[in-house]
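Below is one structure; the comments refer to it alone.
The values are calculated or read from the model by the stated rules, or taken from the named source; none is laboratory data. Owing to the predicted nature of the structure, the values given are computational and were not obtained by experimental measurement. Cβ atoms come from the backbone with ideal geometry, glycine included; neighbour counts cover every protein chain shown. We work out accessible area using only protein heavy atoms, side chains counted, and drop any ligands, DNA or RNA first. Shrake-Rupley method; radii C 1.70, N 1.55, O 1.52, S 1.80 Å.
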Amino acid sequence: MIENKNGLYVLHTKNTTYMFNVMDTGHLEHLYYGRRIRIDWDSENGGALPFVEKHAFSPGNTNQYDSEHPAFTLEDMCLEMSSYGKGDIREPFVEVTHADGSFTSDFLFEKAEVLKGKKELETLPSSYGTDDEVETLEVTLKDAQYGLLLVMSYSVYEDCDVITRSARIINDSKDTVVLKRLMSMSMDFDTPEYVFTTFNGAWAREMKRTDTIMRAGKHVNASYTGTSSNRANPFVMLSKESTSEDFGDCYGFNLVYSGNHYETVEVSGYGKTRIVTGINPQSFSWVLDTGDSFEAPEAVMTYSNEGFNGMSRHMHKFVREHIVRGYWKDKVRPVLLNSWEAAYFDINEHKLLNLAKAGKEVGIELFVMDDGWFGERNDDSHSLGDWDVNAKKLPGGVAGLSKKIKGLGLDFGIWVEPEMINVQSKLYEEHPDWVLQIPNKPHSEGRNQRILDLTKAEVQDFVINKMTEVFGSGDISYVKWDMNRTFTDYYSQGFDKDRQGEVAHRYMIGLYRCMKTLTERFPEILFEGCSAGGNRFDLGILSYFPQIWASDDTDALCRTEIQTGYSYGYPMSVVSAHVSSCPNHQTLRTTPLETRFNVAAFGVCGYECNFCDMNKEDLAAVKIQIALYKEWREVLQKGSFYRGRTFAGGLETSGSVLSKNDGNVTEWTCVSPDKKKAVGFVMQRLVAPNTQYEYYKAKGLDEDKRYHFYNRFLKYNVKNFGDLVNTVAPIHIKQDSLTHNIVAKFVKMDGETEDCCAYGDGLMYSGVKLKQAFGGTGYNDEVRYYQDFGSRLYFIEEINNNSIGK
């Protein structure tokens, strides 16, 4: 709901209020964003007086806006947007170089309009909703001195507790100007000491939560990789030091954009905190001729007084309902088997069919042929761009292979990397000018490949037409769209020297055109985004592809932290996760097969193993895992996700307080929308000797529902206990001997069982005290076999019979 009176604009969601006021000067003063409050519209001052900042004299050594307003300086005001030149020296919202060489801008209120629904952006993806779901406030500001207009849009998604912002600048003058910066969102807070949380990392270690207490100065979270990047995801948070997972103020911000982005928090000399988000201004410039306009990406913001989990639930609902779209939006995702780690580039039809058959036997629903199927693609230095099938590897082509895969009862998927090109390719020989590179200068490559120049319409058309040919070449149900390098040597041969600052953003516009066209042509294909894992995990990609490969790192221990990181801003229904072989291909770590599954089950679960080489015992376990996942995937993919104890910033926390277990436990819960079912997860990193106690606390249940709480009954290989077998064996058994292997084949050790009933409040506030872990003093079926990287899934189902008292 949007209210306004006498220049006061109030945007209400179900639980939050956002408010700003038009000052006498025409600037927009930011007043409040937080818990929903009421406005006394009937008061003499029209409701704004309690919230506006009071000034009588401006601080010393500052500049006043004009002689008519000597009581304040813009440097010490909370503003909705700002620019340089009129006294505010903090991080600006907009920067323009005018025809006379000036950098000063002064955008003042011109008009405002409330609209039902929300307009699409012209060149970029954005959120969407019906007229009943979203309402938009459009505020037009004008720089009368230079003839520029700035339109700021606020879209209110009341039910999700989310507000989005976007901005568009219009050159209404007679002169050409150069835009140096246009942010998507700027917001000021009255006080300092907010915690700025960013999610940083690198390849194979994405989304590491990092907390910085902002007492003074500036902290920047940004990408200059040409992608949203694994170095710094565009999702960030602001909170107080006292905020925990379930209590306290938390603000979440994200950007519907996949390119170079910029989020910075600055604390001024007067203790005010400013956050801005948008396109990274580094090396950015955009020439605006008379009548031209430029639109910034859409920013997403939410607030919760229920801690990080409360904020996350808002973001999760918003992404599911107003970012993800199309045929797969509300559908459960299939369990897939990807060929990459089983074969890498060394594929052929015979090998792929054998792998698919083995997958079918354990319950796989979708088989994906990864890299290596086209051109002379036997390594990563050849044939990107030559998207014609290698007939030696696939004699029947994609059509023949997909038909045989479908004949097994499986759907078929394929890997592509449409944005890339190898120098050793036919395409490069024919079109070297189609590449982002500086002519006649050495080029810095990544992964032996270069980037196609998607600023050019003819290159976009090539990608669209060639991928249309590929996707139509067989019965294809799934496409993995990869992008395996970052940008260097930004330069397009399609623009003159004065417009090279536009290249990075124009690339994104071209990419989005390709994705939009192809997803509309093939609406029932399940597209999965990938960029060397999580190098482009953002809301822009999710506007076209309903899921993204979270990381090339499939190590279960690493994945707990990576997936926990993603969970702050993204629902688990968009996070693709696979069970892979051990020792893990990225870390050489060995983790239990059950733990690998338990972690992957909380994302969109798939497998990346060579089932043809897997032993019978592990294959039997995988078959049970897949059947279990299918039984519970409605809950896991569509339910509400909650973090309990989490491994964050190197320490295990229950929010902001260090837990007694000192960084050794991760705890998740996923609850069905009707709260009748839930799945819990507990994992430890390392065994602590003589530590028997552990517990699990659920979250998100109905306090008044009665639930059945239980785990899976598992048996464990006696070899896992080493030569302790000799404490019970009638004969001595040498470790790893033939006798030991024979015994292990027939003798399994029973695991513990958890089986109890309790009300939701008991499961959440007291929790379940689990059966003791092995502590070196004895083992039986009342003891939890809980080794390094051990984990458990717990299942919670409503009981309709309410026969016991509360």
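Leaving ligands, DNA and RNA out of it, report the carbon-plus-sulfur percent of the accessible area of region 294-347 at a 1.4 Å probe. Mind showing how you got there, number by number?
Details: 680 of 1460 Å².
Using a 1.4 Å probe with all protein chains present, region 294-347 comes out at 47 percent carbon and sulfur.
Return the calculated 222 nm mean residue ellipticity for the chain, to the nearest 500 deg cm²/dmol, obtained by summing -39500 (n - 2.57) across DSSP H runs with n ≥ 4 and dividing by the residue count. Write out the running numbers ahead of the final one.
Working: 12 runs with 141 residues, N = 806.
Mean residue ellipticity, 222 nm, calculated: -5500 deg cm²/dmol.
Return the loop-located trypsin sites (Lys or Arg not before Pro) in region 676-771 (DSSP other than H, G, I, E, B) with at most 12 other Cβ atoms within 10 Å of their own Cβ; answer none if there are none. It would help to have the intermediate numbers written out before the result.
Working: sites: Lys676, Lys677, Arg685, Lys697, Lys699, Lys705, Arg706, Arg712, Lys715, Lys719, Lys734, Lys745, Lys748, Lys769, Lys771; in loops: Lys676, Arg685, Lys697, Lys699, Lys705, Arg712, Lys734, Lys771.
Passing both the DSSP loop test and the Cβ count: Lys734.
What is the distance in Å between the Cα centres of region 711-784 and region 140-169?
60
How big is the equivalent ellipsoid of region 538-586 along its three axes, where each semi-axis is √(5λ) from the Cα gyration tensor, reported in whole Å from largest to smallest? Numbers along the way, then the final one.
Numbers: eigenvalues 94, 28, 11 Å².
Here the semi-axes work out to 22, 12, 7 Å.
Can you list residues whose amide H is under 5 Å from Leu793's amide H, if they're 5+ apart or on another chain and H is modeled 1.01 Å from N?
HN-HN under 5 Å from Leu793: Arg712.
With a 1.4 Å probe and all protein chains in place, put Phe789, Phe774 in order of accessible area, largest first.
Of Phe789, Phe774, the descending order of accessible area is Phe774, Phe789.
FRET efficiency for Asn63 and Thr191, Cβ-Cβ distance as r, R0 = 35 Å, nearest 0.05?
On the way: r = 23 Å, r/R0 = 0.66.
In this case the efficiency is close to 0.90.
Rounded to the nearest 0.05, what FRET efficiency do Gln787 and Lys14 give with R0 = 41 Å and r taken as the Cβ-Cβ distance? Could you check?
Working: r = 45 Å, r/R0 = 1.11.
Using R0 = 41 Å, I get an efficiency of 0.35.
Once the piece of chain linking Leu115 and Ala627 is laid out straight, how much longer is it, given 0.36 nm per residue of separation minus the C-alpha distance between them?
Working: separation 512, 0.36 × 512 = 184.32 nm, distance 4.84 nm.
Taking 0.36 nm per residue and subtracting the Cα distance, the gain is 179.5 nm.
Which percent, nearest 5, of DSSP beta bridges in the chain are antiparallel? Each step should come with its number before you reach the end.
Working: 142 of 173 bridges.
If we restrict to bridges inside the chain, about 80 percent are antiparallel.
In Å, the Kirkwood hydrodynamic radius of the chain over pairs of distinct alpha carbons? Working shown, then result.
Values: mean 1/r = 0.0351 Å⁻¹.
The answer is 28.5 Å.
Which shape class applies to region 209-332: rounded if a/c is under 1.5, otherwise prolate when a/b exceeds b/c and oblate if not, where a ≥ b ≥ c are the square roots of the Cα gyration tensor eigenvalues?
Numbers: a/c = 2.00, a/b = 1.09, b/c = 1.84.
The shape class here is oblate.
Quick one: what Rg and Dmax do you get for region 35-84 from the alpha carbons, in Å?
In order Rg, Dmax, the Cα atoms of region 35-84 give 14.0, 39 Å.
What order do His12, His219 take when sorted by accessible area (1.4 Å probe), most exposed first?
Values: His12 5, His219 55 Å².
In descending accessible area the options line up as His219, His12.
Just for the Cα atoms in region 705-806, what are the lengths along the principal axes, largest first, rounded to whole Å?
For region 705-806, the Cα spread along each principal axis is 54, 24, 23 Å.
Could you give each residue of region 384-396 its phi-based ³J(HN,Hα) in whole Hz, using Karplus coefficients 6.51, -1.76, 1.60 with θ = phi - 60°, and x for Gly or Pro?
Result, ordered by residue: 4, x, 9, 8, 10, 4, 7, 5, 5, 7, 10, x, x Hz.
Set the Förster radius R0 to 56 Å, insert the Cβ-Cβ distance between Tyr327 and His732 as r into 1/(1 + (r/R0)^6), and round the FRET efficiency to 0.05.
Values: r = 62 Å, r/R0 = 1.11.
E(calc), rounded to 0.05, equals 0.35.
List the GluC sites (Glu not before Pro) within region 189-250 that DSSP assigns to loop and that have no more than 14 neighbouring Cβ atoms inside 10 Å.
Details: sites: Glu193, Glu206, Glu241, Glu245; in loops: Glu193, Glu241, Glu245.
Filter output for region 189-250: Glu193, Glu241.
Regarding region 127-276, what are the three Cα extents along the principal axes, ordered largest first, in Å?
50, 38, 38
What's the extension gain from Arg447 to Asp379 if we count 0.36 nm per residue and subtract their Cα-Cα distance? Mind dumping the intermediate values first?
Values: separation 68, 0.36 × 68 = 24.48 nm, distance 1.03 nm.
Contour length minus the Cα-Cα distance gives 23.4 nm.
Between Tyr716 and Ile509, what is the label-point separation in nm under the 7 Å Cα-to-beta-carbon projection?
In this crude spin-label approximation the distance works out to 6.0 nm.
Would you mind calculating the gained length between Asn741 and Ser766 on full extension (0.36 nm times residue separation, minus the Cα-Cα distance), in nm to one decimal?
4.7 nm
Under the classification rounded if a/c is under 1.5, otherwise prolate if a/b is larger than b/c and oblate if not, where does region 141-220 fall, given a ≥ b ≥ c as square roots of the Cα gyration tensor eigenvalues? Before the final figure, lay out the partial values.
On the way: a/c = 2.02, a/b = 1.81, b/c = 1.12.
Here region 141-220 falls in the prolate category.
Within region 398-437, what residues put their amide N at less than 19 Å from the label point 7 Å along the Cα-to-Cβ vector of Asp461?
Backbone N within reach: 419, 427-428, 430-436.
Once you have all Cα-Cα distances for region 378-480, histogram them in 10 Å bins from zero and send the whole-percent values.
The distribution over region 378-480 is 14, 41, 30, 12, 3, 0, given as percents.
If you take the square roots of the eigenvalues of the alpha-carbon gyration tensor of region 581-641 and sort them as a ≥ b ≥ c, do you get rounded (a/c under 1.5), prolate (a/b over b/c) or oblate?
oblate
For region 578-595, take each phi angle, set θ = phi - 60°, evaluate the Karplus expression 6.51 cos²θ - 1.76 cosθ + 1.60, and give the result in whole Hz per residue in order, putting x for glycine and proline.
Once rounded to whole Hz, the list reads 10, 8, 10, 7, 10, x, 4, 6, 9, 10, 6, 8, 10, 10, x, 4, 5, 5.
Separation between the His219 and Thr691 pseudo-spin-labels, each 7 Å from Cα along Cα→Cβ, expressed in nm?
A separation of 2.8 nm, rounded to one decimal place.
Based on Cβ point charges of +1 for Lys and Arg and -1 for Asp and Glu, what charge dipole magnitude is obtained for the chain about its Cα centre, in debye rounded to the nearest 20? Kindly include the intermediate steps, with their values, before the conclusion.
On the way: 88 positive and 114 negative charges, 548 e Å.
Roughly 2640 debye for the chain.
If we restrict to alpha carbons, what Rg and Dmax does region 34-172 come to, in Å?
So, for region 34-172, Rg and Dmax equal 17.7, 50 Å respectively.
Carbon and sulfur together cover what percent of the accessible area of region 579-653 at a 1.4 Å probe radius?
Details: 1460 of 2680 Å².
C and S fraction of accessible area: 54 percent.
Rounded to whole Hz and in sequence order, give me ³J(HN,Hα) for region 25-37 from the Karplus expression 6.51 cos²θ - 1.76 cosθ + 1.60, θ = phi - 60°, writing x for Gly and Pro.
3J(HN,Hα) across region 25-37, in whole Hz: 6, x, 6, 9, 8, 6, 10, 6, 8, x, 4, 4, 10.
Search the structure for amide H atoms under 5 Å from the amide H of Thr264, placed 1.01 Å from N in the peptide plane, and list their residues when 5 or more places away or on another chain.
HN-HN under 5 Å from Thr264: Asn221, Val276.
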